[in-house]
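The values are calculated or read from the model by the stated rules, or taken from the named source; none is laboratory data. Note that the coordinates shown come from a computational prediction; the quantities given were computed from them, not determined experimentally. Positions of Cβ are backbone-derived with ideal geometry, glycine not excepted, and every protein chain shown enters the neighbour counts. Each accessible area value is taken on the protein alone, full model and side chains, heavy atoms only, with ligands, DNA and RNA left out. Shrake-Rupley method; radii C 1.70, N 1.55, O 1.52, S 1.80 Å.
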Amino acid sequence: MTNEKLDSLLAKAGVRQYDCYQCGKCTGGCPMARAMDLKPRGVMRCAQIGSLERILKSNTIWLCTGCHTCVERCPHDVDLPALMEEARYLASDMGYERRDSKVLNEVFIANLKMFGRNHEMLLAGLYNMIAFKPLQDMSSVPHMLKHGLIEIKPHETQKSESIKKMIERAEKLSSVRS
Amino acid sequence: MESTAKSYRLATEYVMSRIGVELVEIEDWNCCGATSAHTLSELMGIALPARSLATAELKEPELDIVTGCASCYARLRLAMHKIRTDKAAKYLIENVIDMPYEARREVYNFLDVLSREDVTEAIKGKIKRKLEGLKVACYYGCLNVRPALITGAPDRENPQSMDAIIALTGAETVDWAFKTECCGAAHQNDAASVTRDLSWRILKNAQLSGAEVIVTACPMCNLNLEMRQDGYRKNTGRSSIPVFSVSELLAVAMGASARHIALDAHHVPAAKALAAALRRSEGGVAI
Amino acid sequence: MSRIGVFVCHCGTNIASVVDPDKLIAAARELPGVAYAADYKYMCSEPGQQMIKDSISEHGLDRIVIASCSPRMHETTFRKMLKNTGINPYMLEIANIREQCSWVHVDKDRASEKAVNLMRMAVSKISKNEPLYAQTIPITKKALVIGGGIAGIQAALDIADAGHEVVLLERESSVGGKMAMLDKTFPTLDCSACISTPKMVDVGAHPNITLMTSCEVESVSGYIGNFEVGIKQKARYVNHDICTGCGLCETKCPVKVESEFNLGLSTRPAIYKLFPQAVPSKPIIDKENCRLLKGGKCGICAKLCPLGCVNYEDEDRTITDNFGAIVIATGYQLVDWPSMYGEYGGGRYKDILSGLQFERTVNAAGPTEGHIVRPSDGKEPETVVIVKCVGSRDPNKGKSYCSRACCMYAAKHAHQILEKLPGTRVFIFYIDVRTPGKGYEEFYDQTRMDGAVYVRGRVSKIYEEEGQLVCRGEDSLLGEQVSVKADMVILETAMEPSPGIAELTSLLGAARDVNNWVQEAHPKLRPAETQVGGVFLAGTCQGPKDIPDTVAQASAAAAKVIGLLNKSEMETSPMISAVERDKCSGCGVCVGICPYKAVTLLEIDDRHGAKRIKREVANVNSGLCQGCGACTSACRTGALDLLGFRNKQILEEVDALCL
């Protein structure tokens, strides 16, 4: 059962788990590895031994920045970022989402639904509020307001309503795909 | 590039008008969704950039697309690539964005445009004063060069295009090791402590390699490297290092004043390094 | 009516567990022309062969079909068996019911049915077989060894010691190859120069060996026993007949260029000996860098030479010679890692050395006289990182194969550092440690006990910071990122074939594998031969290997050459193309299609009605033809036919299966 899910996840990502021979070059160069509870090589190891659960419950898939350093240097061209992305979708469906990421991403998309563009102050402010990090980066705010680097009033696209609908269509179709 | 990237925007407009390149803003463009959209849904991550591209194709069918942001570049280019190579995805995306999109034109990043032979020649002709001896570390970031399949960048570890552009200003680019190391900007909100360390080690390597300033080609990289330098000074005991966009140095070398490019909007005091370089140059001009 | 004997082999259970021999025997007995049919457990064994021989005399058989393994396996065995029975060895057909049947099928009934069909085809074909007779060709008793590294040196010495003439050809100005560059050899740590220079001197002095340095193969024609090879002798600008090798000429040369032998770690003049122990111990002028030869003013070396050896007018010459056998021993080079690994600095950092550069550094005769110091500032390193598998086991950036020797010389490098600079910290990043060789595992153990720290993981990035090289990777046994600040890094890089191997093998007609290594005729049973008769191989031109394996293979190739040259003439395979001149229109399509240059057009006297005319017809050289059959299928008039596989024989087989 688990392996069927794993196989389909790997197929979607275009990753063959046995291509990996566990050299660790991915982990060695990963900018976020330090904070990951399962290192990139460990993700491949779990894929090899069929432990999908550990992958989905790891913070790794949420911390991956998609910088592609791992696959760039991988001797066997294993597309870990693609695997991480597919794992995120599956984890979301199964309710394993990392709280901080969930908050940020939902605030971000809510932002887009409202304005079609990203309102930086609102994004950071809302995120900090919901994630209980009220002071994060707040020291920079006065400077930014003074020099017009952030504004109170958001820039709206003219058709932000159409973008909102579009995002909703994409959300609907995405939930169908898995 | 309207808010936090104010200097980048002003300088880019300045440079482009000087060399006679007209930039047309895509009408009613929307955010590409950055990391959040494709984290939530693959389809949304492609549909958002595809909508802007489709609008451009509709309104300005003869124009290529250029973006000054590495993350937008990666997302836009991926959307272009997907439309060109995946028929099923194309059908789905066109349905979601409710517009046709054929991906006829190319998506470039700002460095690609500046590196074009005719543009380089035009820049050369407009350089008025040299940033003599200013030691610059060119920071490319990840998504301007990776993944290779999407960007087609020839060298992902030690790229040279920005170095060649900066050399036109008379500044001296340093050989350093973190040109394409990820700064973690995508997680500057939700994993701030890790991202902070990532940007710090980039700053440190630039300084140890002799750089006085860092130059970027992306507002996200720029913000992430620049915004948290108070902590950098306190924790490492090092001095802070100004971070500019590639356009700003070009603009200054073309004669732009501090006001032209909102030089005082920088988080890290930036005028001093430029002023020193301009003083060193022939005739000793002021910013 | 022919009298065919059919023999079915069980091959133990290899065949009999899937194919039912009884069904084959029963079917065979029904076939026209079959006078006898029998089965046996091992047909190739002594009693099996005796059984066939007995049946031949008992039943008056005149042709034999054996249903057994692939003809590649035992066709020769059974041909030899027929030699003393009065039946021509080519009145034999093998039906392959093992590799092409029992080994690849599981359904016993259908497999047996297929085996019956294969056997029926063989029986049909053999009804049209005719006796064939091998021709003999004379053999030139002289061998050419291409490449003067340890493989070529060993092969040349072995052949010469057996009493045959050898030409040893080397592209550089001295023999010695890579082994001459090494310091010590694993696992015994004997000095590489001490064991290889005496052999170099031997090849220089051996009465049966002609040493040709600064030479390259330009053309090859002919065939086994009778090769004609054009050799380019590159201009040396120094008359080696007179030169005593005193070395005076080198002392005042104003030019300084990177030394190839020291891999850029030192410089040399434009008139130079490759290295002090060079054989021949005589200099040449490097025309690319000589001030005078480049059109400038100089001529100092000519003025200094007391014997007048320097000749700036020297030119390349071509020499042609005949050989009975050729040994390819062209060796390897290390991959150009800077162009492959941007993440290791792409060659920007001076203190990252390749393994071979480290060999020069630690070698007493090298640029630092054996002192292990950093190229950048001449300081002794306190921490050294050794990275294995750089370019090896990396299909994405380098080579997919393992370069075999690196694990051992990485251990040796660590040992040498710890021996010469006690207290140095040595880290070896590895993926796997491979030590299959006599005394190898013990050597690895010793290196760990010496204090080398093995870290399991491939280094992801190396960069310079504060005068040190930071190596970032994963300690995959710990599952954590590690970062080592080193003063010197040694990259143990992959081997790849020497440049020019593609051109050389094309001239010889020898095949290369996917990685450009020279292909051996059989990976297990003919490891020292190529598919081209009379062309052998030795050493790393065939694939990565260490010195013991190289020397063993060189001696094996030499034994093959000696075996060939000991005969005064040799038999050629009679299964080659034959021309029916009456049918041949002389169109010449076959000439171009033959991969072995075996077909030429020959002018013959003929009659056209009452008129005498001259016309061209195809002619097959029996020494060159390998019996591939390409010409026979290209021939428009059907004048060419492959003996042993004539069109009518093939059609019989087709009929047996389809009618």
> For the pairing of chain C with chain B, what total accessible surface becomes buried, with a 1.4 angstrom probe, in square angstrom to the nearest 100?
Replying inline: 1000
> Between B:Ile123, B:Cys182, B:Met162, whose Cα lies farthest towards the positive end of the dipole of segment B:123-214 when Lys and Arg beta carbons carry +1 and Asp and Glu beta carbons carry -1, centred on the Cα centre?
Replying inline: B:Ile123
> Which of the aspartates and glutamates could a cross-linker bridge to C:Lys597, judged by Cα under 16 Å and excluding same-chain residues fewer than eight apart?
Replying inline: C:Glu228
> So what does B:Cys183 come to for accessible area, using a 1.4 Å probe and Å² rounded to 10?
Replying inline: 10
>> How large a share of the accessible area of chain C, in percent, is made up of carbon and sulfur atoms when the probe is 1.4 Å and the other protein chains stay in place?
In response: 50
> Residue by residue, what Karplus-based ³J(HN,Hα) values in Hz, rounded to whole numbers, does segment B:207-213 have, using 6.51, -1.76 and 1.60 with θ = phi - 60° and x for Gly and Pro?
Replying inline: 5, 5, 8, x, 7, 9, 9
> Counting only protein chains, not ligands or nucleic acids, how are C:Lys611, C:Lys142 ordered by accessible area (probe 1.4 Å), most first?
Replying inline: C:Lys611, C:Lys142
> Taking amide H positions as placed 1.01 Å from N in the peptide plane, with prolines and chain starts having none, which residues 5 or more places from C:Val8, or on another chain, fall under 5 Å of its amide H?
Replying inline: C:Ala38, C:Asp39, C:Tyr40, C:Ala67
> Which pairs in the list C:Lys234/C:Lys545; C:Lys388/C:Lys461; B:Lys135/C:Lys256 are over 22 Å apart, alpha-carbon to alpha-carbon?
Replying inline: C:Lys234/C:Lys545; B:Lys135/C:Lys256
> Considering only C:Met1, A:Ala87, B:Ile26, whose Cα is most displaced toward the positive end of the charge dipole of the protein assembly as shown, charges sitting on Cβ of Lys, Arg (+1) and Asp, Glu (-1)?
Replying inline: B:Ile26
>> To the nearest 20 Debye, how big is the dipole of chain C about its Cα centre, given +1 on the beta carbon of each Lys and Arg and -1 on that of each Asp and Glu?
In response: 1060
> Where the accessible area of chain B is counted over protein heavy atoms with a 1.4 Å probe, how much of it, in %, is carbon and sulfur?
Replying inline: 51
> Which residues make up the longest stretch of chain B that has no GluC sites (Glu not before Pro) in a DSSP loop with at most 15 other Cβ atoms within 10 Å?
Replying inline: B:107-281
> Between the helical axis of C:150-161 and the dominant principal axis of chain C, each derived from Cα atoms, what acute angle in degrees is found, rounded to the nearest 10?
Replying inline: 60
>> Show me you know the interface measure: the accessible area buried between C and A, both chains summed, probe 1.4 Å, in Å² to the nearest 100.
In response: 1600
> Quick one: accessible area per residue over the protein assembly as shown, 1.4 Å probe, rounded to a whole number of Å²?
Replying inline: 43
> Between the helical axis of C:108-126 and the dominant principal axis of chain C, each derived from Cα atoms, what acute angle in degrees is found, rounded to the nearest 10?
Replying inline: 80
> Hey, what did chain B get for relative contact order, percent, Cα under 8 Å, at least 6 apart?
Replying inline: 22
> Going by a 1.4 Å probe on protein heavy atoms, which residues of segment B:44-58 end up with at least 50 Å² less accessible surface in the whole assembly than in their chain alone?
Replying inline: B:Met44, B:Leu48, B:Arg51
>> Threshold 50 Å², probe 1.4 Å: give the residues of segment C:381-414, in number order, that are less accessible with all protein chains present than with their chain alone.
In response: C:Asn396
> If you plug each phi of segment C:223-235 into the Karplus form 6.51 cos²θ - 1.76 cosθ + 1.60 with θ = phi - 60°, what whole-Hz ³J(HN,Hα) values come out, in order, with x for Gly and Pro?
Replying inline: 8, 2, x, 8, 8, 10, 10, x, 10, 8, 8, 6, 4
> Over all residues in B:155-165, what is the mean tally of Cβ atoms on other chains that come within 10 Å of each residue's Cβ?
Replying inline: 2
>> If each DSSP helix of 4+ residues adds -39,500 (n - 2.57) and the sum is divided by the residues in the protein assembly as shown, what number results at 222 nm, nearest 500 deg cm²/dmol?
In response: -11000 deg cm²/dmol
> Taking C:Lys178 as the anchor, which aspartates and glutamates have their alpha carbon closer than 14 Å to its alpha carbon, excluding any fewer than eight residues away along the same chain?
Replying inline: C:Glu170, C:Glu260, C:Glu359, C:Glu496, C:Asp546
> Sequence-distant or interchain residues sharing an amide H contact under 5 Å with C:Val238, placed H: which?
Replying inline: C:Ile285, C:Asn311
> How big a patch of accessible area, both sides summed and in Å² to the nearest 100, lies buried between B and A at a 1.4 Å probe?
Replying inline: 5000
> Ignoring ligands and nucleic acids, what accessible area does C:Thr267 show with a 1.4 Å probe (Å², nearest 10)?
Replying inline: 80
> Going down the table (C:Lys232/C:Lys273; B:Lys82/B:Lys179; A:Lys113/A:Lys133), which pairs top 26 Å between alpha carbons?
Replying inline: B:Lys82/B:Lys179
> For chain C, what relative contact order do you get, as a whole percent, if you take Cα pairs closer than 8 Å and at least 6 residues apart?
Replying inline: 13
> In whole Hz, what ³J(HN,Hα) sequence does segment C:420-426 give by Karplus (6.51, -1.76, 1.60; θ = phi - 60°), x for Gly and Pro?
Replying inline: 7, 10, x, x, 5, 8, 10
>> Need the per-residue list for segment C:328-363: every residue with at least 10 Å² less accessible surface in the complex of protein chains than in the chain by itself, probe 1.4 Å, sorted by number.
In response: C:Gly342, C:Glu343, C:Arg348, C:Tyr349
> If ligands, DNA and RNA are left out, what is the accessible area of A:Leu80 with a 1.4 Å probe, given in Å² to the nearest 10?
Replying inline: 10
> Hey, what angle do you get for helix C:192-205 against the long axis of chain C, alpha-carbon based, 0 to 90 degrees rounded to 10?
Replying inline: 60
> Rounded, prolate or oblate: which fits the protein assembly as shown when a ≥ b ≥ c are the square roots of the eigenvalues of the alpha-carbon gyration tensor, with rounded for a/c under 1.5 and prolate only if a/b beats b/c?
Replying inline: prolate
> What does the charge dipole of the protein assembly as shown about its Cα centre add up to, to the nearest 20 debye, if the Cβ of each Lys and Arg holds +1 and the Cβ of each Asp and Glu holds -1?
Replying inline: 860
>> Loop by DSSP (not H, G, I, E, B), at most 10 other beta-carbon atoms within 10 Å: where is the longest site-free stretch of chain C for GluC sites (Glu not before Pro)?
In response: C:1-287
